[in-house]
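Presented below is the structure to which this report refers.
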Amino acid sequence: MEMLKEEHEVAVLGAPQSSAPVTTTVINIRSETAVPDHIVWSLFNTIFMNWCCLGFVAFAYSVKSRDRKMVGDMIGAQTYASTAKCLNIWALVLGLLLTTGSIVLLVIACIALHSVILKSM
């Protein structure tokens, strides 16, 4: 009902009539390239796959990248973001390899222990 009342008022009153010249304002907005800071990925690597503390170092570089972006230094932000991405990749690869290797060694050790126990009986 409210919408119909407003439409009716506009229809009755008509468009605004003015003899003043119409002025326009143009606002130019700089299109900045989006620089990803990889902070979520770094936080994940810090919490879950922090072999050799690479996730923590990547997190520090991600925070530096975000700081540079806030100041407006896009080149510095890109440099820190690139370093954080590289460290995150290494942390992820090393984390997966070392975790998989640890599981394989644990399984081999359990099988060897089981066979030793069976031989002793």
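Brief remarks on what is shown
- All of (1) out of contact with any helix residue (DSSP H, G or I) (no Cβ under 8 Å at 6 or more places or on another chain); (2) among the β-branched types (V, I, T); (3) within 30 Å of V35 (Cα to Cα) hold for I111 with one exception: (3).
- Residue check, H8 part of a helix (DSSP H, G or I), modelled with pLDDT under 90 and open to solvent by 100 Å² or more (accessible area, probe 1.4 Å): yes
- Exactly one residue out of V35, V63, V116, V40 is open to solvent by less than 80 Å² (accessible area, probe 1.4 Å), of a type outside the set (S, T, Y) and part of a helix (DSSP H, G or I), and it is V63.
- The condition of being on the phi < 0 side of the Ramachandran plot and in contact (Cβ under 8 Å) with a residue 40 or more places away in the chain holds for only one of F44, F48, that being F48.
- Being open to solvent by 60 Å² or more (accessible area, probe 1.4 Å), touching a residue at least 12 places away in the same chain (Cβ under 8 Å) and basic (K, R) is a description that applies to K85.
- Only listed residue being of a type in the set (A, V, I, L, M) and open to solvent by 90 Å² or more (accessible area, probe 1.4 Å), chosen from L92, L97, L54: L97
- Meets criteria (surrounded by fewer than 16 Cβ atoms within 10 Å (Cβ to Cβ), under 15 Å from T46 (Cα atoms) and free of Cβ contacts under 8 Å to residues at least 12 places away in the same chain) for V71: no
The values are calculated or read from the model by the stated rules, or taken from the named source; none is laboratory data. Just so you know, these numbers come straight off a predicted model, no measurement behind them. Counting neighbours? That spans all protein chains shown, and the Cβs are built from the backbone with ideal geometry, glycine included. Accessible surface areas use protein heavy atoms only, side chains included; no ligands, DNA or RNA. Shrake-Rupley method; radii C 1.70, N 1.55, O 1.52, S 1.80 Å.
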